[in-house]
There are 2 protein chains.
Amino acid sequence: MSTSSLLEQEVTRSLHDVAQQLRVDSVRCSATASSGHPTSALSAADLMAVLLARHLRYDFTNPDAPGNDHLIFSKGHAAPLYYAMLRAVGAISDDELLTYRTARSRLEGHPTPRLPWVDVATGSLGQGLPIGVGLAMAGKHLDRLPYRVWVLCGDGELAEGSMWEAAEQAQHSRLGNLTAIVDVNRLGQRGPTRHGWDTAAYAARFRAFGWHAQEIDGHDIAAVDHALSVAAAHADAPSVILARTRKGKGVTAVENMENAHGKPVPGPGQAIRELGGVRDIRVRVAPPPACPVPAHLTAAPPAPRRPVPVRPASTRPAPPRLLTPVPPAPRASQSGNTEAEAARRRPPAYEPGTMESTRTGFGQALAALGSWRRDIVVLDSEVSDSTRTAYFAQAHPDRFFEYYIAEQQMIAAAVGMQVRGWTPFAATYAAFLTRAYDFIRMAAVSRANIRLVGSHSGVWTGADGPSQMALEDIAALRAVHGSTVLVPCDANQAAGLTATMADLRGISYLRTCGGETPVIYRPGERFAAGGSRVLRSAPGDQVTLVAAGVTVHEALAAADLLADDGISARVIDAYSVKPIDAATLRAAARETGRVVTAEDHWPEGGLGDAVLSALAADDRPLPVVKKLAVRSMPGSATPDEQLQMSGIDMASIATAAAQLVGH
Amino acid sequence: MSTSSLLEQEVTRSLHDVAQQLRVDSVRCSATASSGHPTSALSAADLMAVLLARHLRYDFTNPDAPGNDHLIFSKGHAAPLYYAMLRAVGAISDDELLTYRTARSRLEGHPTPRLPWVDVATGSLGQGLPIGVGLAMAGKHLDRLPYRVWVLCGDGELAEGSMWEAAEQAQHSRLGNLTAIVDVNRLGQRGPTRHGWDTAAYAARFRAFGWHAQEIDGHDIAAVDHALSVAAAHADAPSVILARTRKGKGVTAVENMENAHGKPVPGPGQAIRELGGVRDIRVRVAPPPACPVPAHLTAAPPAPRRPVPVRPASTRPAPPRLLTPVPPAPRASQSGNTEAEAARRRPPAYEPGTMESTRTGFGQALAALGSWRRDIVVLDSEVSDSTRTAYFAQAHPDRFFEYYIAEQQMIAAAVGMQVRGWTPFAATYAAFLTRAYDFIRMAAVSRANIRLVGSHSGVWTGADGPSQMALEDIAALRAVHGSTVLVPCDANQAAGLTATMADLRGISYLRTCGGETPVIYRPGERFAAGGSRVLRSAPGDQVTLVAAGVTVHEALAAADLLADDGISARVIDAYSVKPIDAATLRAAARETGRVVTAEDHWPEGGLGDAVLSALAADDRPLPVVKKLAVRSMPGSATPDEQLQMSGIDMASIATAAAQLVGH
């Protein structure tokens, strides 16, 4: 036997020992927790041992090193394995390992960025790979750095359509820097998966989608090592390694058995002995190549991403840093024509009294902002002409990304890109953001900073009918932890809020409309999250009308109608539905004693509920509040007919207010 | 030339004339509406002309005929083509055709079941095929009738992951009765699709997913006819026809041009002339085979599905028909052992004072209900052991359907099955229903009757961490038109609500928990939608505690703590969060003057907002209301620690109430 093959045998033996340590530690921490997913960890231990010791390039002492690879556990329930890896590299202590799943531990049931080495939260299956696609796109098209993205996937989660959105996007973007490692352990939660160990079925699908696919025995250390080398070398297309494994591998009591999912292994002492006992091997991970910090991070450094506090001090986003009034002077090197460049950077301005859509105000402001905020990237799903991100696409094609009709992949990519410090805006019809609601929910768990923009909100969308109308978007987006929900009513306000959003943390959402509304605000006016505008106010106001978006104009017209009847109405533009300007609303409620809210949204969870909640938090008896909202299923009609038929037009608002006043 | 080929030429000419009529009518109705999607109709006109005249089996005078084929326009924006087809078969008049997209017309911008021939609403792309899979599964596995399901798809929507969930499920169920016809017109809304006219790329993907695929010229009448025949004859696997077409086909001004999406063709007069002018060909469609009405429809006839009123008279569901106290006697033919059968039909009963989970109450009740309600079908996405639909799966394997980890396909299949009069319950972790939120939203537009069940709601889920905890589900499901949201707090209540749900119309949702709670209600007690239970009440109550689900038990304990401090608290179990029992809440608010709500949910859009909204609708000043809810991102912890850390446990409730009372 040659020296080299002896050496190889030695390496293989060491890697097997590392894998056994990962198994033992997975068993130990779940046993201590009396819960968790050790069997899903055991199947993938060989895959991860080889990756960690031989292929990953990562500095665990500096998780923000720009050249670090990214490793995502798309099968987030295999968290014990990830935590065992952290112990093996010395990132966490053995004591911390054993805090898995306990109160206040960073080692949650599924990984979250409370750990500085975790990019994104997983645990809702089918999300890690699409987010990995976003990271790989950032590496290839934005950062232009040689880091690789490795995603450990479960076989069961290949049933999620989002995985195939990712497969399609990855081949389209030729993501040679992306490798999916699928732990084909044949068993889901309640029994066998659809394809069992038929890795050929998966390989055929991935190959049809343009991927490089390898089928291997996931417990054959040498085969795993070879496959990872081949995948890393395959530069022209994304790679998938389909690894046949046995769930619970190495522990006779659970290996390849049903009904062993999501619970500690029985008899952990015996299992640990069977696995060779507790080890303390320290794995040395290859450092990343030295890379410069990308320009977008040095030019406009975002607030430090790490460490993330265990609990945010407040669910309200930090006060926004507002758009600086005069954009910084362009560097001569960037543009030979500084005058033209200055013009590009100038935020759009709409003349009060003219008509313009909020979507155009957003789109033009975003394009201008992108001219000096080089960290802004924009994502759309095949409707950039409607959402008006087309302005940005035209001005900054290198930072615009088309996701075709795949909203889940679009949001996932935004989450992936913000991991690298980019500032993503993702846009589609507001109604179709519902397609990605689970991704938005999880983005909040990931502590991600992403900006969502939805056009064509409400019945005011008109003739297209209810399939195209967002009528639940405010409810859905309010119910996202730490979110900001902004609803502009004119183009200047939309432009101002776009600038505000660029500096918000967490999940923010801008709700725009397709049709044109009167411009009522001055160009350049600033609108903070948490603010409002009192548009009409007089001593002795008898009722307060609260509106947002298109209903602001109806409320203003209603105030005119009421004035004709001798009723003095205050009008508040509650453009920030979350956080809502509670102080202004409470003052108005106290002073006028009666409130009418009007919204182009279902009655549940929207502006009206937000107003009620703000008033209730006053800890004193509430005024009379009348909520106007869309209460019947709309069909097709003109925008104005829709408002009227839904009872949220000027006449309906005036009638409701007059009734409250007792006229 | 032989007689037969002359005849074929004649047939082809006639079919071409039909197609041109469909084109002309698509142009006419969009021109009249001054909006709409004629170009997306023109590309598919030949495909639909041949289908209608030569392959569809459908009685347009009787859309409920059990043998009718089903035709779904997954590319719902091609609605003008569908409406032109309805005119061609005489189902609608020319006058009605020209009402397209106008107020009160049944011909909305995208098809909805306001038209009796439309099974489901489309317009959110990527949903028609998954719903078609549900219909085809009903045909093959439930109705066992020979109808075929034809789905017209766009090429752009193949980017949606849900289409590949459908592809996977269709091959798994060997749906030879399903044909997808893809109109590959190369152009999306804002420009070229990812694969353009590369039908081979799509064919490779479908074949890898186990489908029979044909690539044809979609304007070659004979090729279309042949392909449809082959597809219909292919009995072992689903079929896809990938038809290369030209968007705007036949109208020079728009044919194969960008920027012609979603707008009427310019110069409609010239376009109509170019297409050969207005025609009045009446197409005779082959009748369906005579089929018996399926037993599940005769045994327990649901309320008539058609016609659907333009606007529901009320957003509240009809009063439920309650579970009959004694299930009907089993027919001897169904069971040799009537005693055993009676036992199977008996709803579960849990002894007050014992501990049981609401998910088990639901699961066991559903299994019992399924023994005499033969119309009930159950769908799960790989977590039946957790949701407890496993009880039903064991008792009624022929009516249980496993969708693996594909929540969008699961909901779509439920929508498809209810089209055929089945009564579907679809279950997964409550958090993962967010994955299918767009499908749930659209199900409401479809006027579908489906029942959703989500387990593991709230922080009380415990150690698994936030990815597995539904904390936005009540907000999301309340904001669905006409929905019912039910939150049981004990196993008997869960069982009772399960029976209630079986008779509800619209979208209903049951929120269950993983852990065990004390049984506080009697076995067999009935719980109507819109009801509540006052669990503690005394003259002189100083504060009302409103809770649902796990917080009911915390509120009861809080009332005990308060009583120790001399404070008398009323406790209301608001198990029906929507519709909520406004009368009981208002009475309590008036009598006690102070309300504390406690929910295991984010503060937005949940129980607290529902209570505030109900109290506000009283049109009188509101009492002081204090909302307790989950306000910080949870991590892992025990269920009880979670309640305490989130401030919704008994101590937090008691403290809040005492503060309101002024102690």
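The values are calculated or read from the model by the stated rules, or taken from the named source; none is laboratory data. For clarity, every value in this text was computed on a predicted model and none was experimentally measured. With ideal geometry, Cβ positions are generated from the backbone for all residues, glycine too; neighbour counts draw on all protein chains shown.
Observations, loosely collected:
- In region A:434-462, residue surrounded by the fewest Cβ atoms within 10 Å (Cβ to Cβ) [restricted to those that are under 8 Å from the mean Cα position of the chain (by Cα) and within 11 Å of chain B (Cβ to nearest Cβ)]: A:ALA444
- Selection status of B:ARG511, touching a residue at least 24 places away in the same chain (Cβ under 8 Å), buried (at least 16 other Cβ atoms within 10 Å of the Cβ) and among the charged types (D, E, K, R): yes
- Against the conditions (1) more than 8 Å from chain A (Cβ to nearest Cβ); (2) over 30 Å from B:GLU382 (Cβ atoms); (3) among the β-branched types (Val, Ile, Thr), B:THR193 satisfies every one except (1).
- In region A:118-208, counting only helices (runs of 4 or more DSSP H) that sit wholly within it, the ones holding 1 or more residues that are in contact with a helix residue (DSSP H, G or I) (Cβ under 6 Å, 6 or more places away or on another chain), among the acidic types (Asp, Glu) and crowded, with 24+ Cβ neighbours inside 10 Å span A:161-172.
- Residues (away from chain A (no Cβ under 14 Å) and under 18 Å from B:ALA19 (Cβ atoms)) located in region B:59-90: B:LEU71, B:LEU81, B:ALA84, B:MET85, B:LEU86, B:ARG87, B:ALA88, B:VAL89, B:GLY90
- Every condition in (1) farther than 12 Å from B:LEU47 by Cβ; (2) touching a Ser or Thr at 6+ places or on another chain (Cβ under 9 Å); (3) away from chain A (no Cβ under 14 Å); (4) among the β-branched types (Val, Ile, Thr) holds for B:VAL240 except the one numbered (3).
- Taken as a whole, the condition of being of a type in the set (D, E, K, R) and not in a helix (DSSP H, G or I) applies to B:ARG104.
- Hits in region A:389-407 - residues which are outside any helix (DSSP H, G or I) and within 11 Å of chain B (Cβ to nearest Cβ): A:THR389, A:GLU402, A:TYR403, A:TYR404, A:ILE405, A:ALA406
- Criterion violated by B:GLY248 - all others in (1) in a loop (DSSP other than H, G, I, E, B); (2) surrounded by fewer than 24 Cβ atoms within 10 Å (Cβ to Cβ) satisfied: (2)
- All of B:THR245, B:THR252 fail the test of being modelled with pLDDT of 95 or more, touching a Gly at 6+ places or on another chain (Cβ under 9 Å) and polar (S, T, N, Q), apart from B:THR245.
- Some residue of region B:588-607 being assigned to a loop (DSSP other than H, G, I, E, B) and more than 9 Å from every other protein chain (Cβ to nearest Cβ): yes
- All positions within region B:616-641 that are more than 8 Å from chain A (Cβ to nearest Cβ) and either under 25 Å from A:ALA475 (Cα atoms) or buried (at least 20 other Cβ atoms within 10 Å of the Cβ) (or both): B:ASP618, B:LEU628, B:ALA629, B:VAL630, B:PRO634
- Close pairs from region A:370-384: first surrounded by fewer than 24 Cβ atoms within 10 Å (Cβ to Cβ) and in a helix (DSSP H, G or I), partner modelled with pLDDT of 95 or more and not acidic (Asp, Glu), Cβ under 7 Å, at least 6 apart: A:SER371/A:ALA395
- Selected residue (only one of A:ILE572, A:ILE648 is part of a loop (DSSP other than H, G, I, E, B) and in contact with a strand residue (DSSP E or B) (Cβ under 7 Å, 6 or more places away or on another chain)): A:ILE648
- Taking first residues from region B:522-538 that are on the phi > 0 side of the Ramachandran plot and at pLDDT 95 or above and partners that are β-branched (Val, Ile, Thr) and surrounded by 15 or more Cβ atoms within 10 Å (Cβ to Cβ), the Cβ contacts under 9 Å between residues at least 6 apart in sequence or on separate chains come to B:GLY530/B:THR484; B:GLY530/B:ILE580.
- Within the span defined as region B:60-68, every residue fails to be without any contact (Cβ under 8 Å) to a residue 24 or more places away in the chain, polar (S, T, N, Q), crowded, with 17+ Cβ neighbours inside 10 Å and at negative phi.
- Every test in (1) surrounded by 24 or more Cβ atoms within 10 Å (Cβ to Cβ); (2) within 14 Å of chain A (Cβ to nearest Cβ); (3) not charged (D, E, K, R) is passed by B:LEU115 save one, and that test is (1).
- Residue count for region A:408-426, restricted to those that are under 20 Å from A:ARG359 (Cβ atoms) and either without any contact (Cβ under 8 Å) to a residue 60 or more places away in the chain or within 11 Å of chain B (Cβ to nearest Cβ) (or both): 4
- Hits in region B:608-634 (condition: modelled with pLDDT of 95 or more, over 21 Å from B:ALA658 (Cα atoms), assigned to a loop (DSSP other than H, G, I, E, B) and among the small types (Gly, Ala, Ser)): B:SER632
- Test: residue in region A:278-295 that is at pLDDT below 95, acidic (Asp, Glu), part of a loop (DSSP other than H, G, I, E, B) and at negative phi: no
- In the set (1) surrounded by fewer than 21 Cβ atoms within 10 Å (Cβ to Cβ); (2) touching a Phe, Trp or Tyr at 6+ places or on another chain (Cβ under 7 Å), the condition left unmet by B:CYS29 is number (1).
- Qualifying residue in region B:140-154 (condition: within 11 Å of chain A (Cβ to nearest Cβ), closer than 22 Å to B:ILE216 by Cα and modelled with pLDDT of 95 or more): yes
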